[in-house]
Amino acid sequence: MSAVSDSPSSPPSAPPLHPDVAHLACLLGQWSGKGRGVYPTIESFEYYEQVTIGHVGKPFLAYSQKTRHAITDLPLHAESGYFRPVGSDRVELVIAQPTGIVEMHEGVFHATEQGCSLALASTTVALTPTAQQVDSVTRSIQVHDDLMTYELDMAAVGQELQHHLSARLGR
Ligand code: HEM
């Protein structure tokens, strides 16, 4: 039987990257590695993280992340959202978390010789009635070849904006 490329059972072919997100291709892929979390109100912890950043041919990148505690191996934080480019040097990011928190960010994008960097600050942090108090979040992401590093600061639970997370992930 000859293969019919457009039959309903055929896997869909991957669409080309939308030109508006071409410069964000540095972020695409499956990333995994280890991070460390701190905050004055909690005990420091280390975690393993898996990140997927993909596209469907539209002018955004889809992002999802999940983590496990480095010692207990139990699931920790997870989140998912979208990177939305604004021209060649600005980015919007929207992220939802199972903890009842939604972050909306705006920031800048820089292409570098071997990757890219993003510096994002929240414009809105929306909370469900039972979520913990989070007032603002900043996220900075650097990609150098197949290494991604990031830092996350937050103002939360009555504390000033300060460091919560940093991680190193490989592609
Ligand atoms: C890699 C991602 C993250 C990991 C692994 C992580 C992990 C943790 C852990 C283990 C705690 C200690 C208490 C608990 O187990 O709930 C914690 C507390 C907290 N995290 Fe995160 N977190 C992550 C991202 C975030 C983000 C993105 C936000 C906010 C937008 C956030 C906000 C908080 C808050 C508000 C607390 C509570 C502090 C307190 O109770 O005093 N976390 N996080």
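The values are calculated or read from the model by the stated rules, or taken from the named source; none is laboratory data. All figures in this text were calculated on a predicted structure; none of them were measured in a lab. Neighbour counts are summed over all protein chains in view; Cβ atoms, including those assigned to glycine, are modelled from backbone coordinates with ideal geometry.
From the list Gly33, Gly29, the lone residue that is surrounded by 14 or more Cβ atoms within 10 Å (Cβ to Cβ), more than 20 Å from Ala111 (Cβ to Cβ) and modelled with pLDDT of 95 or more is Gly33. Flag not set for Ala155, criterion: under 19 Å from Arg36 (Cα atoms), touching a residue at least 60 places away in the same chain (Cβ under 8 Å) and surrounded by 14 or more Cβ atoms within 10 Å (Cβ to Cβ).
No other residue among Ser88, Ser80 is more than 11 Å from the ligand (Cβ to nearest atom) and in contact with a helix residue (DSSP H, G or I) (Cβ under 8 Å, 6 or more places away or on another chain) apart from Ser88. Within region 113-134, being within 11 Å of the ligand (Cβ to nearest atom) and farther than 16 Å from Ile95 by Cβ holds for one residue alone: Gln133.
Filtered by the rule that a residue be under 25 Å from Gln30 (Cβ atoms) and either more than 16 Å from the ligand (Cβ to nearest atom) or more than 16 Å from the chain's Cα centre (by Cα) (or both), region 100-112 gives Phe109, His110, Ala111, Thr112. Of all the criteria given as (1) closer than 19 Å to His163 by Cα; (2) under 12 Å from the mean Cα position of the chain (by Cα), the one not satisfied by Glu46 is (2). Just give me the residues in region 54-81 being over 20 Å from Ala96 (Cβ atoms) and of a type in the set (Ser, Thr, Tyr), in sequence order. If the condition is that a residue be over 20 Å from Ala96 (Cβ atoms) and of a type in the set (Ser, Thr, Tyr), then Thr72 is the only one that fits. A Cβ distance below 7 Å, combined with a sequence gap of six or more or placement on separate chains, defines the contacts here; from region 88-117, residues that are among the hydrophobic types (A, V, I, L, M, F, W, C) and surrounded by 16 or more Cβ atoms within 10 Å (Cβ to Cβ) reach no residue that is modelled with pLDDT under 95 and in a strand (DSSP E or B). Just wondering, is there one or more residues in region 159-171 that are more than 25 Å from Ile53 (Cα to Cα), in contact (Cβ under 8 Å) with a residue 40 or more places away in the chain and out of contact with any helix residue (DSSP H, G or I) (no Cβ under 9 Å at 6 or more places or on another chain)? Yes, region 159-171 contains at least one residue that is more than 25 Å from Ile53 (Cα to Cα), in contact (Cβ under 8 Å) with a residue 40 or more places away in the chain and out of contact with any helix residue (DSSP H, G or I) (no Cβ under 9 Å at 6 or more places or on another chain). Filtered by the rule that a residue be in contact (Cβ under 8 Å) with a residue 12 or more places away in the chain and either hydrophobic (A, V, I, L, M, F, W, C) or over 20 Å from Ile95 (Cα atoms) (or both), region 58-72 gives Phe60, Leu61, Ala62, His69, Ala70, Ile71.
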